[in-house]
Amino acid sequence: MRKLDDNKKSKAQLIDEINALRKKISQTNHSLRDTTHIQHNTKILEMIAIGKPASEVYDAIALMYEQRNPGMRCSMLELHGNILMHGGAPSLPSAYCEAVHGLENGPEVGSCGASTYTGIRILVEDIATDPKWEDIKQFALPHGLRSCWSEPIKNSKGLILGAFGMYHNYPALPNESELNDLKSAARLAGFVMERDHDQKHIRKLAYTDELTGLSSRAHFYLYVTDLIEVTQENNNDFCLLYLDLDNFKDINDSLGHDAGDILLKTLAKRLRESTPKNTYIARMSGDEFAIIIKNVNVKDKSHLAKISQSCLDHIAHPINILDRKITPSCSIGIACYPSDGKDLITLLKVSDISLYEAKDRGKNQYVFYKKELTQKVEYRFQIEHALKEAIEKKELSLVYQPQIDIQTGKIIGTEALSRWHHPKLGSIIPSEFIPIAERIGMIKPLTDWILQTACNQTIKWRNEGLDLRMAVNISPKHFIDNDFVPMVQRILNETGMIPSQLELEVTESTVQTDPKNLKIFQALKDLGILLAIDDFGTGYSSLASLNHLNVDSLKIDKHFIDDLLLNNKTKLLVGSMIEMGHNLDCYVLAEGVETLEQYTTLKKLRCDAIQGYLFSKPVTADIISKTPNYFKE
Ligand code: C2E
Ligand code: CA
Ligand code: CA
């Protein structure tokens, strides 16, 4: 029956049905196309979300639109300044991409050159005849490219980032659907491009040191990690020069941070000038820089020595900053890959050890890493730790060296000198452990303990009938510490020490360095204690500051006493020091007197007191208690 009914349909009805069916099929095709497109779109969004490289996402976008529009080939160009750079074009011939890459955009530089230049869509129907292609059509036509429609790619603020191009092998203009595709493709590519731009910008910020324009510490880590990987494959050694400016803190503190910044910029420039072209240089922090010398024969140290010396020489040129002439200097620690370290952390560690050694040897020099340096550092750590513990547990001791009045031969006072004996490390001399205590920030508790012990000892002697003055050495480090004067005051109060019996010995350099120190000296003098200039004659103290400071005594350094009988000029010099001291109302003491001849000469020169092995080495307190008369002439 049904069949019969169907057969009965009119021709017009059949045509209608066929058309409806066609429409349905077309709709199904469209929706199939749309479904695939949506799937592709989702995939691309996923790629963006997981941070795939922009070039991969560009290719995926191009392929998506090419699949949707058979015969079409797509490209994405990035605009850097006014230069067109290849972004992605997986189906365009590479010769064409290369020819376009690097062109300057302009109104007649093809469709994409024009769209990025004008900021508007450019639809070129026929590349062969369009004037916009006149100058560059020779790149396109040999590859069969005939039409090109280009949509500028913009970021969210409307800034042009590049162009999306659609090519066909025949002259054509887009229909409505193709035009929509062109617009949506450019939007999608814009999203990727903007994100890529932002990431590159952030990376640039993180990887560049803002002040000097050198690479940042973060970049250095990546660079060296990559370099180690490549070097492992190629067997090319490289070297790390770790550089630190000498005394940068002083410059920063005295001239201010702006001056410090100018100096660092100049330094960066000088480092670029003093190293071979394209040398990698990073600013690691404050005044620390890392230089990588590649493709070196690390066994040939002379080449590296030459580069290091060149850095030292260039940096040492005087520079005028804020009307002050500064002569900078730096120290360099050198570590070679792979002989000194096979990974970044080790290389940094050993270059730092070498740098420390360069500083320790007096700065303004370079030092190559050696295994012995690590042993030295390990010893240093061990000794630092032991000293800290010894100071905390009050395991140091004091000895006292008598000071003798040159006229009466009587003991008038003592100098307290600290001693440290470690059960395993043995006896360590003060000229070794005092600088360590300063370095590890333990000088304050040490001086605190020394002052207390020395004051208590003075009082003990007084109770035994021995009225002696007590001299205590004070490290210059105390003069940057606001707590120092209150500490002395507290100890005077706690121990009941008569202030005028306590003499603090400071070196000439401390007197000289900073006007701030003068205030501290005055505050100390106001406490009623005495001040002595130690090692007098070895530093530079202006007479004016000595006078101004109201110094109580001068201690002529042992070097002059050693030379006293050997050199007549020294004798004259010592004579004038004594005279000058007296003119300044100072008490003059000679240190390190070992012979009777020195003693008699000093007596003739009218020196007031002496201290030295001739009378006594530094001894324990009870020796002085038991044999006070032993020290008489
Ligand atoms: P200094 O203040 O110049 O102390 C004098 C040094 O010369 C002492 O060495 C002393 O033992 C030594 N000496 C004294 N008379 C003679 C002599 O006739 N011949 C020879 N060859 N040497 C003599 P010491 O005790 O080894 O101290 C060395 C330096 O360590 C001291 O030089 C001082 O700068 C520092 N020092 C010692 N104890 C302390 C302390 O408690 N605190 C601080 N800040 N520094 C200290
Ligand atoms: Ca001294
Ligand atoms: Ca001295």
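Assorted remarks:
- Output for the range 58-82, where each listed residue is within 20 Å of Q199 (Cβ to Cβ) and within 38 Å of the chain's Cα centre (by Cα): E78, L79, H80, G81
- Identification of strands (runs of 3 or more DSSP E) wholly contained in the range 351-456 with 2 or more residues that are loosely packed, with under 13 Cβ neighbours inside 10 Å yields 426-428.
- The range 147-162, subset outside any loop (DSSP other than H, G, I, E, B) and aliphatic (A, V, I, L, M), residue nearest to C74 (Cα to Cα): I153
- Any hit, the range 519-531, residues being assigned to a loop (DSSP other than H, G, I, E, B) and buried (at least 19 other Cβ atoms within 10 Å of the Cβ): yes
- Test: residue in the range 549-561 that is more than 14 Å from ligand 3 (Cβ to nearest atom), buried (at least 17 other Cβ atoms within 10 Å of the Cβ) and among the hydroxyl-bearing types (S, T, Y): no
- Sole residue being among the hydrophobic types (A, V, I, L, M, F, W, C), within 16 Å of ligand 2 (Cβ to nearest atom) and in contact (Cβ under 8 Å) with a residue 12 or more places away in the chain, chosen from L531, L564: L531
- Of the candidates G413, G441, the single residue that is modelled with pLDDT under 95 and among the small types (G, A, S) is G441.
- Selection within the range 176-217 - of a type in the set (D, E, K, R), in contact (Cβ under 8 Å) with a residue 12 or more places away in the chain and not in a helix (DSSP H, G or I): D209
- Within the option set D323, D300, D360, D313, being in contact (Cβ under 8 Å) with a residue 24 or more places away in the chain, in the same structural domain as L227 (by TED's automatic domain parsing) and not β-branched (V, I, T) holds for one residue only, D313.
- Selected residue (criterion: nearest to T116 (Cα to Cα)) from residues of the range 56-78 that are hydrophobic (A, V, I, L, M, F, W, C) and buried (at least 23 other Cβ atoms within 10 Å of the Cβ): L77
- Boolean, I307 is in contact (Cβ under 8 Å) with a residue 40 or more places away in the chain, assigned to a strand (DSSP E or B) and either in contact with a Lys or Arg (Cβ under 9 Å, 6 or more places away or on another chain) or within 18 Å of I334 (Cα to Cα) (or both): no
- Selection within the range 486-515: residues that are part of a strand (DSSP E or B) and among the β-branched types (V, I, T). The member of this set that is modelled with the lowest pLDDT is T507.
- Filter result for N69 (touching a Gly at 6+ places or on another chain (Cβ under 7 Å), more than 29 Å from K200 (Cβ to Cβ) and touching a residue at least 60 places away in the same chain (Cβ under 8 Å)): no
- The range 247-275, residues that are on the phi < 0 side of the Ramachandran plot and outside any helix (DSSP H, G or I): T275
- Spans of strands (runs of 3 or more DSSP E) in the range 534-611 with at least 1 residues more than 14 Å from ligand 1 (Cβ to nearest atom) and in the same structural domain as M470 (by TED's automatic domain parsing): 587-591
- A count restricted to the range 587-613 and to residues that are buried (at least 17 other Cβ atoms within 10 Å of the Cβ) and either modelled with pLDDT under 95 or of a type in the set (F, W, Y) (or both) stands at 2.
- Any hit, the range 462-485, residues being part of a helix (DSSP H, G or I) and within 16 Å of ligand 3 (Cβ to nearest atom): yes
The values are calculated or read from the model by the stated rules, or taken from the named source; none is laboratory data. Please read all numbers here as calculations on a predicted model, not as lab measurements. Cβ coordinates were reconstructed from backbone atoms using ideal geometry, including for glycine residues, and neighbour counts include every protein chain displayed.
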